Structure formats: C-alpha cells, structure tokens
Amino acid sequence: MQTGGTPIWQGACHCRRTRFTVAADIDHTRICDCSICHQRGALIFRVKEDALKLLTPLDDLALYQWGTGTAKDYFCKTCGILPFRRPRIATEAEQTAGEAIFTGWAINLRCLEDINTADLPVRTIQGSILPLA
Ligand SMILES: [Zn+2]
C-alpha cells in the first residue's frame, strides 16, 4: 500500500501467472449467495474500470460464462483461482426499473497481498434471486 491517496493493492492468483494491482479504498466486502459465488466462497469488492491494472495478459486466463452470459468469470489456467470477474449486466427489464449498468471489475479480495479480510464489514448480496435471462 502507498501512503496518501488511494491505496494500491498487489494482487495475484495462487501460482502468480496472473498478477495485477488494484487502486481502491476497500471498506467492505461483498458476499453473494448466487450459485457460483456460493460455491467459490470469494470475497468481492467492486472497482471502476481503470482501478484494475493487469500486469499479465487477460488472454492468459480461461473465461467462464453462464446465466445471462453477461458476467465474465476469469480463471487462471494453471492454478484455477479466480482473481477478478466482470459482474453480470442488468437485464433490460432491470435497467428500465432503474438499475444502473456497472462497467467495472469485481475483485476477489482473497487474491490481494496483505489484506485482512476478517476485519471488513460484510455486505450481503442476494444474487440467487436475480433472473438468469
Ligand atoms: Zn495461477
């Protein structure tokens, strides 16, 4: 972390084939109960598009898409860890109902060096009730 300004976090998958930095004031973690977050057990924090800086190519990661096909789950091909993902985009109906489109990244906080996730307030997300199409 740097002193002053927004902290810069170093991130990596388990085998370090994927490495990145995240500029973020991390003040909570999201725990989502949708089928994939539930199985993965990831602690998520959302950041703006330009807060994530990849130090290794995105193409090195395997891509998994399901449900609406708008979320993008990126996995290291070597160690299988998901360091970050693109969240699902709100459906047209949801957008009509006023839900904003989120265009940034969801970071797996467990992949950040020196972060103490145990002290972070938890924001529970009910992904399980979102429509799949
Ligand atoms: Zn890896």
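Evaluating D119 against the criteria (1) more than 25 Å from D27 (Cβ to Cβ); (2) open to solvent by 40 Å² or more (accessible area, probe 1.4 Å) leaves one unmet condition, (1). The requirement of being among the hydrophobic types (A, V, I, L, M, F, W, C) and modelled with pLDDT under 95 is fulfilled nowhere in region 12-22; no residue meets it.
Of all residues being of a type in the set (A, V, I, L, M) and more than 15 Å from R17 (Cβ to Cβ) in region 39-62, which is modelled with the lowest pLDDT? Just the residue, please. Applying the filter and picking the extreme gives A42.
What number of residues within region 61-97 are over 15 Å from the mean Cα position of the chain (by Cα) and more than 16 Å from the ligand (Cβ to nearest atom)? Total satisfying the criteria: 12.
When restricted to residues that are touching a strand residue (DSSP E or B) at 6+ places or on another chain (Cβ under 6 Å), away from the ligand (no atom under 15 Å from the Cβ) and either open to solvent by 20 Å² or more (accessible area, probe 1.4 Å) or assigned to a strand (DSSP E or B) (or both), region 30-57 contains 9. Scanning region 98-133 for residues that are among the polar types (S, T, N, Q), more than 12 Å from the chain's Cα centre (by Cα) and under 24 Å from T18 (Cβ atoms) gives N116, T117. Counting only residues that are more than 16 Å from the ligand (Cβ to nearest atom), out of contact with any Leu (no Cβ under 7 Å at 6 or more places or on another chain) and open to solvent by less than 20 Å² (accessible area, probe 1.4 Å), region 4-29 holds 2 of them.
Pairs meeting the criteria (first residue in region 115-126 and touching a residue at least 12 places away in the same chain (Cβ under 8 Å) and over 14 Å from H38 (Cα atoms), second residue in a helix (DSSP H, G or I) and open to solvent by less than 90 Å² (accessible area, probe 1.4 Å), beta carbons under 6 Å, at least 6 apart or on different chains) are I115/L109; T117/L109.
For beta carbons closer than 9 Å, sequence separation of 6+ or different chains, a first residue in region 72-99 that is in a loop (DSSP other than H, G, I, E, B) and a second that is within 11 Å of the ligand (Cβ to nearest atom) and β-branched (V, I, T), the qualifying pairs are T78/T18; C79/T18; I81/T18; P83/T18.
Among the residues examined, I101 qualifies as touching a helix residue (DSSP H, G or I) at 6+ places or on another chain (Cβ under 7 Å) and more than 16 Å from the ligand (Cβ to nearest atom).
The values are calculated or read from the model by the stated rules, or taken from the named source; none is laboratory data. Here the structure is a predicted model, which is why all the values come from computation and not from measurement. Positions of Cβ are backbone-derived with ideal geometry, glycine not excepted, and every protein chain shown enters the neighbour counts. Remember, those area values only see protein heavy atoms, side chains included, never the ligands or the DNA or RNA. Shrake-Rupley method; radii C 1.70, N 1.55, O 1.52, S 1.80 Å.
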